[in-house]
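First the structure, in the form of structure tokens, and then the observations on it.
The values are calculated or read from the model by the stated rules, or taken from the named source; none is laboratory data. From a predicted model like this one, the values you see are computed outputs, not experimental measurements. Cβ sites come from the backbone with ideal geometry, for glycine too, and all protein chains shown count toward neighbours.
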Amino acid sequence: MGKTTTTVNLAAALAAQGQRTLLVDLDPQGNATMGSGIEKRGLKLSVYELLVQLATLPEARVASPSGKYDVLPANRELAGAEVELVDLVHRETRLKQALAVHQDEYDFVLIDCPPSLSMLTLNGLCAAHGVIIPMQCEYYALEGLSDLVNTIKKVHANLNQDLKVIGLLRVMFDPRNTLSNHVSAQLEQHFGDKVFKTIVPRNVRLAEAPSYGVPGVLFDKAAKGAQAYLAFADEMITRVKNWKE
């Protein structure tokens with residue numbers, strides 16, 4: 001649903017506007033790490049070591065060579081953390097504890113979670129103040145949205161009372177598609193101001209960028225997809241500023 005693409009491009013767009021940004025890759029596939037230009041196979045330390053308290057954030061983070069933001073990278077080792085975390089104390093809040101010590105160093109911390117509700121995703125939701133939901137305007141996506149909102153409500157009630165939905169971002173949007181326009185209108189009607197005004201279109205240049213290890217907003221700044229994510233960064237900065245006030 002454009003989850004990792006959104007995280008990487010939002011991080012790069014925020015950094016381009018002078019925002020101190022950290023991207024946390026919580027997916028064992030490490031796609032956000034690779035999309036930021038970092039070779040996941042050569043990592044000495046990663047978010048795995050952070051979660052099992054074998055490393056601190058300053059030790060594990062890496063600077064994106066092209067994006068001017070920091071990355072807490074991930075690779076296949078992170079899959080083992082799922083099993084190990086089950087038996088650890090405060091297993092749901094390991095990431096939150098590690099980030100809290102360094103929260104004044106960043107304006108934005110973006111967490112790219114796995115696609116399923118796992119112990120890693122739960123760590124992300126417990127550490128976060130809010131959730132951005134990227135979604136395609138299709139009916140199957142609406143079904144998934146309902147489940148995700150219910151999960152967020154449960155985490156809010158039991159583990160993280162600061163957690164809320166920041167907004168819904170329409171991605172891979174095709175304005176020629178009648179169904180897309182219909183679902184988009186439904187989202188606006190049901191969620192109102194929670195739907196971001198920015199709409200990210202289907203864009204080949206965004207899809208090509210990860211293979212070069214460069215965020216799409218830097219790979220081709222003139223592309224419609226890149227322009228959309230730059231506009232989304234503006235909207236996020238404004239929304240979070242108003243949120244804090």
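Report every pair of residues separated by at least 6 positions or lying on different chains whose Cβ atoms are under 8 Å apart, first residue within segment 54-66 and at pLDDT 95 or above and surrounded by 14 or more Cβ atoms within 10 Å (Cβ to Cβ), second assigned to a loop (DSSP other than H, G, I, E, B) and of a type in the set (Ser, Thr, Tyr).
Ala60/Ser46; Ser64/Ser36
Could you please find all residues in segment 128-143 being closer than 26 Å to Thr93 by Cβ and either among the aliphatic types (A, V, I, L, M) or more than 11 Å from the chain's Cα centre (by Cα) (or both)?
Selection gives Ala128, His129, Val131, Ile132, Ile133.
Restricted to segment 83-127, and to residues that are under 21 Å from Gln29 (Cα atoms) and part of a loop (DSSP other than H, G, I, E, B), which residue is nearest to the chain's Cα centre (by Cα)?
Cys113
Quick one: how many residues across segment 191-245 are more than 19 Å from the chain's Cα centre (by Cα), of a type in the set (D, E, K, R), in a helix (DSSP H, G or I) and exposed (fewer than 13 other Cβ atoms within 10 Å of the Cβ)?
Result for segment 191-245: 2.
Hey, does segment 171-190 have a residue that's within 16 Å of the chain's Cα centre (by Cα), under 20 Å from Val109 (Cα atoms) and at pLDDT 90 or above?
Scanning segment 171-190, I find no residue that is within 16 Å of the chain's Cα centre (by Cα), under 20 Å from Val109 (Cα atoms) and at pLDDT 90 or above, so the answer is no.
Hey, among the residues in segment 150-190 that are without any contact (Cβ under 8 Å) to a residue 40 or more places away in the chain, part of a strand (DSSP E or B) and touching a Cys at 6+ places or on another chain (Cβ under 9 Å), which one's nearest to Val204 (Cα to Cα)?
Result: Phe173.
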